[in-house]
Amino acid sequence: MRSFRMRTHVVLFLFCLVLSWAGAAHAGTAEPGKVLFILLDGCRADTFNRLCDQGRTPTLAWLRDHGLAVDHAVSVWPSTTGPAYAPFICGTYPFQSNLTGIRQYLRSSGTYRSYCGTDVKKITDDLSRDYPTVFELLPRDSLALVAMLDRGARRNFNPPLDYFLKNMRGKYIECDLAIHRKLEKELGKGLPRFTFVSFHGPDAVGHRTGTDGAAYDEAVINLDGIVAKLIAWLKAHGELERTTIVISADHGSQSTSKSGDLAPVLSAMGLKVRDAIGRSTFGYNFDKKGHAEENDVIVCVSGNACVQLYLKGRPDASLEGMPSFRVRPTLAEMRQYRRGSDAREIGDVIGALLAQPCVGFLAVRDGRARYRVLSGSGEAVITREGDRLGYKVVSGTDPLQMGVPARKVSDGRLVQERKWLRMTCLDPYPDAVFQISQLLEAENSGDIIVNAAPGYEPWHEGQKGVHGGLDAAQIKVPLVLWGRGVPPGRLPCARTVDLYVTMLKLMQVAPPPGLLGIPLF
Ligand SMILES: [Zn+2]
């Protein structure tokens, strides 16, 4: 009886929404609109669509089916919190945002960052100033709740300590409900032109239990209820017709049952390794010069399926002089690595990593505008000329396991980068050709980037679910817009950077120069 009553309420509510939508669609675009951006952190695209299709998330389904939805929306590599927020807040890829992982090593200053720990507040300082945040573009009219990159927001809120304590006790649904209460309290002071709010239930549950059980579904279903309440709030306060609601996620998640660890493999070769620092970088950065001198390799883990390895290179080929993290080693040097001032031979670092079951594939630079993808069973080369990319398998089987459309042009010919997205959006590693090239071009990306094998955590935290990788479950996200100024329909594919320029268009804000996103309409 109770569930019948609930269903009746949902149906009535959605009927009201139909009437409101009719008004919203005819609101015109004379006045700049408002945008309410709701980030479902860690929500897989396929879970989102399954729950919508099963009728278990009726509000999200309604928004998807009556608004503009992207069938295959792709985030960025690494698909991890922080770097994958930047597309929504600055419209940038990692190579533009200066954020290449939730942990990263800043080559120029020799500083180690762990944004999921002691450096959480430093992420806004490290975020490139070449591209303004949406909050900086709307300095008097923006609200950021748990936005991580909230530089320039008129009002911002980040969770207090008890939120993290609740999270550690596994009370994720309670945490999201608390964020919702805080949001409604802030909205009570007025709905700004741009509001960003993120809810972390799906991400937290994914890491703790994986994505295959009821708990992960429940975290998304809980957010459906929150979105329904937010729409009701907008309607009750006369804001619905002026507002576009945007739903997306920074990444998905993939269950793991097996683990590996790369630092011991490198140590066993005779390398001095600084492993990913769990949460605190105080110790490292207190003596960063000493640590940079002492170590040969720095390991930075994101999500935890993406591992970036920073390896010292040599300033010249004569093997004289001290190797340094400021110099990137060549692929040939990594294949026959020598460490220290005496250039003692260590061996094939690439080969040692590829022998690990937890390694899916590696991505490395291979000269200028050329990148190599290596798995245990094959190698491919990516070449770049401007906005065109070529892909060719040079030995063994295709490490990116491309489907027929992309395979037909995988002979090294140069193809416009957006075409790679369209051709690979159904593949196991969607958009990989572009995503690999953009990440390897980033100033602070690792010299070797590891994409974990499916089902593996390539580190030792014992997580049951991971993200950070290029795998479809991790990099594909929901992307839905509904409300003022949005033409209903379906788009086959897009990237999350496209959402940024679309939102600026809806708010009638001129996009800053240099952005590569394409408006969705
Ligand atoms: Zn996240």
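The values are calculated or read from the model by the stated rules, or taken from the named source; none is laboratory data. The structure presented is a predicted model; accordingly, all values stated were derived computationally and were not measured. Cβ coordinates were reconstructed from backbone atoms using ideal geometry, including for glycine residues, and neighbour counts include every protein chain displayed.
Restricted to helices (runs of 4 or more DSSP H) entirely inside segment 76-168, those with at least 1 residues that are out of contact with any helix residue (DSSP H, G or I) (no Cβ under 8 Å at 6 or more places or on another chain) and within 16 Å of the ligand (Cβ to nearest atom) are 123-126, 161-168. Kindly check whether there is at least one residue in segment 20-39 that is in a helix (DSSP H, G or I), surrounded by 22 or more Cβ atoms within 10 Å (Cβ to Cβ), modelled with pLDDT of 95 or more and not assigned by TED's automatic domain parsing to the domain that holds R418. No, segment 20-39 contains no residue that is in a helix (DSSP H, G or I), surrounded by 22 or more Cβ atoms within 10 Å (Cβ to Cβ), modelled with pLDDT of 95 or more and not assigned by TED's automatic domain parsing to the domain that holds R418. Residues in segment 478-495 include at least one that is over 17 Å from the mean Cα position of the chain (by Cα) and farther than 30 Å from K235 by Cβ. Inspect all residues belonging to segment 221-241 and state whether any of them is modelled with pLDDT of 95 or more, within 16 Å of the ligand (Cβ to nearest atom) and within 19 Å of K476 (Cβ to Cβ). Yes, some residue in segment 221-241 is modelled with pLDDT of 95 or more, within 16 Å of the ligand (Cβ to nearest atom) and within 19 Å of K476 (Cβ to Cβ). Scan segment 64-75 for residues that are more than 16 Å from the ligand (Cβ to nearest atom) and either crowded, with 24+ Cβ neighbours inside 10 Å or not in a loop (DSSP other than H, G, I, E, B) (or both) and the total you get is 8. On the given criteria, is L499 closer than 21 Å to L127 by Cα, modelled with pLDDT of 95 or more, of a type in the set (A, V, I, L, M) and buried (at least 20 other Cβ atoms within 10 Å of the Cβ)? So L499 passes the test. Do we have K288 as touching a strand residue (DSSP E or B) at 6+ places or on another chain (Cβ under 7 Å) and free of Cβ contacts under 8 Å to residues at least 40 places away in the same chain here? Criteria not met by K288. Of the residues making up segment 266-291, just one is touching a Gly at 6+ places or on another chain (Cβ under 7 Å) and modelled with pLDDT of 95 or more, namely M269.
The set of residues from segment 357-369 being surrounded by fewer than 18 Cβ atoms within 10 Å (Cβ to Cβ) and either of a type in the set (S, T, Y) or touching a helix residue (DSSP H, G or I) at 6+ places or on another chain (Cβ under 9 Å) (or both) comprises G367, A369.
If you check G260, G252 for being touching a residue at least 40 places away in the same chain (Cβ under 8 Å), within 16 Å of the ligand (Cβ to nearest atom) and under 26 Å from P430 (Cβ atoms), only one passes: G252.
Determine, yes or no, whether D150 is modelled with pLDDT of 95 or more, closer than 27 Å to Q474 by Cβ and surrounded by fewer than 22 Cβ atoms within 10 Å (Cβ to Cβ). Answer is no for this residue.
Taken as a whole, segment 177-192 holds at least one residue that is in contact (Cβ under 8 Å) with a residue 60 or more places away in the chain, not in a helix (DSSP H, G or I) and not β-branched (V, I, T). Being surrounded by fewer than 23 Cβ atoms within 10 Å (Cβ to Cβ) and either of a type outside the set (D, E) or modelled with pLDDT of 95 or more (or both) holds for only one residue in R103, R107, R113, and it is R107.
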